[in-house]
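Asks: There's a structure below that I have some questions on.
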Amino acid sequence: MKKEVIQKLHTSFEDVAHEQDGVEFWLARDLQILLGYDEWRNFTKVIDKAKEACENAGITAEDQFVDFNKLITHGKGGQRSITDFMLTRYACYLIAQNGDPSKEPIAFAQTYFAVQTRKQELIEERLQLMERLQAREKLQATETELSQLLYERDVDNQGFARIRSKGDMALFGGSTTAQMKKKMNVPDNRPLADFLPTLTIKAKDFATEITNFNVKQENLHGEPAITGEHVKNNSEVRKLLVKRGIKPEDLPPEEDVRKLERRVDSETKKALGAEKKLKPPKNDE
């Protein structure tokens, strides 16, 4: 997500925040627009899912999603009553978690509401951490698909390991997976990808996506044919990176994904801890 987009979204979320007795809250009608939902009826479906998630977490939804009616002016000065919700930070976070992931503001909102402070630089840092976690999950899913494709094409688990290893050699300029793990001080029993930077994880994923596509498109069978395809794709991805001055084998390792995931979860729980209860506005109809 580009920095200017983050700045714009940050400002927008800040502008519509409210406060009641020291508790931050947002109005659902405002959040609907910020998250890119045109229809209220579609957004209420997301709110319902968020309420269910709240209850499943052992937290009373009514304390986090406070519904009330308000009068709006329309047409030639006429008024009508509509439903709205006062939402705690936690409620907003759950809504974002259950929102449409294809909408760009959703990823920002998940991070924005999980970060207790409103400092933009912390939000940007959190988004970078989440990007790496999501990239690792995506690579795992892509490699799982490759493993299934290989099983259907007479390649066993050992064959899958050899194919993936040769793909790594092509991507890392001749360095084997074992050599890269030693270079990065990765424990023998842990996947190399858990310690790779986001760019390298995405590079591996892209090469594997192409392999999966071509295995199906060209109906490739057997270890030799699929190995050749996977090596070719990793070599091409490497060429692109090297052309831009990036050598994957020279990039430093990053924090263990498992530790990163635990830290993000812990910080989220602390940031979204117990809050004071919200009360409906006094002019509730």
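Asks: So for H10, H18, H230, fewest C-beta neighbours within 10 Å to most, what's the order?
Replies: H18, H10, H230
Asks: Right, next: To the nearest 10 degrees, how steep is helix 257-271 against the longest Cα principal axis of the chain, on a 0 to 90 scale?
Replies: The two axes meet at around 10 degrees.
Asks: Could you tally the net charge around E218, taking each other residue with its Cβ under 13 Å from the Cβ of E218, Lys/Arg +1 and Asp/Glu -1?
Replies: Working: positive: R153, K216, K232; negative: E229.
So the environment of E218 carries a net charge of +2.
Asks: Just in region 1-54: which trypsin sites (Lys or Arg not before Pro) are loop by DSSP and have at most 14 other Cβ atoms within 10 Å? Numbers along the way, then the final one.
Replies: Working: sites: K2, K3, K8, R29, R41, K45, K49, K51; in loops: K2.
Taking region 1-54 and a limit of 14 other Cβ atoms within 10 Å, the loop trypsin sites (Lys or Arg not before Pro) found are K2.
Asks: Starting from region 1-71, pick out the GluC sites (Glu not before Pro) whose DSSP state is loop and whose Cβ has at most 10 other Cβ atoms within 10 Å. Please report the intermediate quantities before stating the final value.
Replies: On the way: sites: E4, E14, E19, E24, E39, E52, E55, E62; in loops: E39.
The qualifying sites are E39.
Asks: Let me ask you something else. Normalised by the residues of region 133-254, what does the relative contact order come to in percent, with Cα pairs under 8 Å and at least six apart? Walk me through the numbers on the way to the answer.
Replies: Numbers: 127 pairs, mean separation 45.3, N = 122.
Worked out over region 133-254, it gives 37 percent.
Asks: Report the gain in length on full extension from D154 to R29: 0.36 nm times residue separation, minus Cα-Cα distance, nm rounded to one decimal. Could the numbers behind the result be given before it?
Replies: Working: separation 125, 0.36 × 125 = 45.00 nm, distance 5.45 nm.
Length gained between D154 and R29: 39.5 nm.
Asks: While we're looking at this one, here's another question. Relative to the longest principal axis of the C-alpha atoms of the chain, give the angle of the C-alpha long axis of helix 40-56, reported between 0 and 90° and rounded to the nearest 10°.
Replies: Between helix and principal axis, roughly 80 degrees.
Asks: So for F85, F25, fewest C-beta neighbours within 10 Å to most, what's the order? Display every interim value, and only then the final one.
Replies: Numbers: F85 23, F25 19.
Sorted ascending by nearby Cβ count, the order is F25, F85.
Asks: Hey, another quick one. Given a Förster distance of 22 Å, report the FRET efficiency between A141 and R244 from their Cβ-Cβ distance, rounded to the nearest 0.05. Let's see the in-between values first.
Replies: Values: r = 26 Å, r/R0 = 1.19.
So, using R0 = 22 Å, E works out to roughly 0.25.
Asks: When the expected Rg is taken as 2.2 N^0.38 Å, what fraction or multiple of it is the alpha-carbon Rg of region 133-254?
Replies: Normalised Rg, Cα atoms only: 1.00.
Asks: Where does the charge balance sit around K247 when Lys and Arg score +1, Asp and Glu -1, over other residues with C-beta under 13 Å from its C-beta?
Replies: Numbers: positive: K183, R238, K239, K243, R244; negative: E249, D250.
Charge balance near K247 sits at +3.
Asks: Please report the equivalent ellipsoid semi-axes of the chain, computed as sqrt(5 x eigenvalue) of the Cα gyration tensor, largest first, in whole Å.
Replies: 46, 20, 17
Asks: Tilt of helix 104-114 relative to the longest C-alpha principal axis of the chain, in degrees (0 to 90, nearest 10)?
Replies: 70
Asks: I've got another one for you. Report the FRET efficiency, 1/(1 + (r/R0)^6), for A57 and D188, where r is their Cβ-Cβ distance and R0 is 45 Å, rounded to 0.05. Display every interim value, and only then the final one.
Replies: On the way: r = 37 Å, r/R0 = 0.83.
Given R0 = 45 Å and the Cβ-Cβ separation, E is 0.75.
Asks: Let me ask you something else. Taking amide H positions as placed in the peptide plane 1.01 Å from N, state which residues far from L220 in sequence (5 or more) or on other chains have amide H under 5 Å from it.
Replies: Under 5 Å from the amide H of L220: no residue qualifies.
Asks: Let me ask another. Here are some pairs, K8/K243; K232/K259; K70/K103; K183/K216; K103/K247; K45/K202; which of them have Cα atoms lying more than 30 Å apart in this structure? Don't skip to the answer; put the middle values down first.
Replies: On the way: K8/K243 33 Å; K232/K259 33 Å; K70/K103 28 Å; K183/K216 35 Å; K103/K247 33 Å; K45/K202 33 Å.
Exceeds cut-off: K8/K243; K232/K259; K183/K216; K103/K247; K45/K202.
Asks: Filter the trypsin sites (Lys or Arg not before Pro) in region 162-253 to those in DSSP coil with at most 12 other Cβ atoms within 10 Å of their Cβ, and list the result. Let's see the in-between values first.
Replies: Numbers: sites: R162, R164, K166, K181, K182, K183, K202, K204, K216, K232, R238, K239, K243, R244; in loops: R244.
When the trypsin sites (Lys or Arg not before Pro) of region 162-253 are filtered for loop state and at most 12 Cβ neighbours within 10 Å, R244 remain.
The numbers here are math on the coordinates, done by the rules we state, and not lab data. These numbers come from a predicted model, not from an experiment. Every residue, glycine among them, receives a Cβ derived from its backbone with ideal geometry; neighbour counts consider all protein chains shown.
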